[in-house]
Each structure stands twice: as C-alpha cells, then as structure tokens.
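One structure below.
The values are calculated or read from the model by the stated rules, or taken from the named source; none is laboratory data. Just so it is clear, the structure is predicted and the values come from calculations on it, not from any experiment. As a convention, Cβ positions derive from the backbone with ideal geometry for all residues, glycine included, and neighbour counts pool all protein chains shown. All accessible areas refer to the heavy atoms of the entire protein, side chains included, with ligands and DNA or RNA removed. Shrake-Rupley method; radii C 1.70, N 1.55, O 1.52, S 1.80 Å.
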Amino acid sequence: KSKMDAGESLFSMDIRANKDYVAGHIPGAVNIEFAKVAKPENLALLPADGTPIVVVCYTSQTGNQIASILNLLGYDAWALRFGMMGWRAETKMKIGSSASSAQVIKGMGYSEAVGQ
C-alpha cells in the first residue's frame, strides 16, 4: 500500500472469485481467478516489462502459490501478505482479525520470509 501511495508502478492481480472481486477490490486490480491464471490469454494480460505483480487473494495462501508459479515463468511476482484480509486491516475496512499491515512477500510463505 505504501508503494501504491508513493505512486510506484505495480500491477495488482486479484485471483479471488469474480463475485468477491466485484464486492470489493484494490483500486486498479485486474481480476483473473485462481484456476485461470496460467491460461495463455490471461498471462498475456500481465506486464512483460518487469513491473512488479502483486497477487491478491483472500488470506495469501493461494496468492503465494500463484506468485511462485509466476516467478518461475520469469515475472516479478509478490503475494500480498494476508490478502484482502490484510488490505482491509491496513485501510481500516476490517473483515478479519488481522491487525498487521499489508506487506508483500516474494513467492514464499510468511514463516519462510521472516525466518521462522
């Protein structure tokens, strides 16, 4: 969020179900549902210029999976820590119990990223 607020170029990809995306999403995020991300027509929507891709899901579990796959394909992909639950906590639109700020973790689980 701080990178977005600073005007850095990021590509937000929301992999949640379309009905949940429509109910509320990060401004500017593109919705490509989890099971459809690796389809060629959807990969063609991703930036090819090295722009970081922030993968958004519900809690970051599937976001980490997709970020890992995209990194293997050569993209600079990151998963939004705690997914939309974390985003809503950071932006004061609470839906869960997370009081942590939204962060991105490059293609790995939270415990790996913090060395636990």
In the range 55-79, anything open to solvent by less than 70 Å² (accessible area, probe 1.4 Å) and aromatic (Phe, Trp, Tyr) is listed as Tyr75
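Give the number of residues within the range 70-91 that are modelled with pLDDT under 75, farther than 15 Å from Met13 by Cα and not aliphatic (A, V, I, L, M). Give the derivation first.
The initial filter retains those residues of the range 70-91 that are modelled with pLDDT under 75, namely 82-83, 85-91.
Of the ones still in play, those that are also farther than 15 Å from Met13 by Cα are 85-86, 88-91.
Keeping just the survivors that are not aliphatic (A, V, I, L, M) gives 86, 88, 90-91.
Of the residues in the range 70-91, 4 are modelled with pLDDT under 75, farther than 15 Å from Met13 by Cα and not aliphatic (A, V, I, L, M).
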For the range 15-49, give me the residue count where each residue is open to solvent by 50 Å² or more (accessible area, probe 1.4 Å), assigned to a loop (DSSP other than H, G, I, E, B) and either of a type outside the set (Lys, Arg) or touching a residue at least 12 places away in the same chain (Cβ under 8 Å) (or both). 9
